[in-house]
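Below: the structure, in structure tokens.
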Amino acid sequence: FLETTAYFCMKPKMGEKEVSPHSSFSIWHEFSSDFKDLWKKENKLILQERVKEAEEVCRQKKGKSLYNIRPKHDSGIVSKNCSN
């Protein structure tokens with residue numbers, strides 16, 4: 001614990017001789033909860049962007065028809081009998 005506090009250059013609070021685990025972990029808890037909240041927000045934004053991209057791809061594919069529809073030409077027995 002002392003090596004970790006020295007590595008992160010943590011100094012004891014006023015009136016204390018050493019860094020207490022309570023003060024150290026309270027700082028760590030604040031950091032980790034803030035990080036978790038930001039991580040969730042960032043993931044939500046990335047997901048929304050991917051959904052928008054997927055919707056755009058679907059719109060583009062729906063705009064392009066995979067087959068052509070030709071108008072029906074009257075040619076057959078029924079059309080010949082009706083025109084007479």
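No lab work stands behind these numbers, since they all come straight from the coordinates. Since the structure is predicted, the reported quantities are computational estimates derived from the model, not experimental observations. Quick reminder, even Gly has a Cβ in these numbers, built from the backbone with ideal geometry, and neighbours come from all protein chains shown.
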Note, ³J(HN,Hα) from phi for the range 47-60, Karplus 6.51, -1.76, 1.60, rounded to Hz, x at Gly and Pro
4, 4, 4, 5, 5, 4, 4, 5, 5, 5, 4, 5, 4, 5
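If I take R0 = 41 Å and measure r between the Cβ atoms of residue 47 and residue 17 in this structure, what FRET efficiency does the formula 1/(1 + (r/R0)^6) give, to the nearest 0.05?
Taking R0 as 41 Å, the efficiency between residue 47 and residue 17 is 0.25.
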Whole-Hz Karplus ³J(HN,Hα) for the range 38-43, in order, using 6.51 cos²θ - 1.76 cosθ + 1.60 and θ = phi - 60°, x for Gly and Pro?
5, 4, 5, 4, 5, 5
Find out how many positive minus negative residues lie around residue 10, taking Lys and Arg as positive, Asp and Glu as negative, among other residues whose Cβ is under 14 Å from that of residue 10.
-1
Cross-link partners of residue 52 among aspartates and glutamates (Cα-Cα below 19 Å; sequence separation of 8 or more within a chain):
42
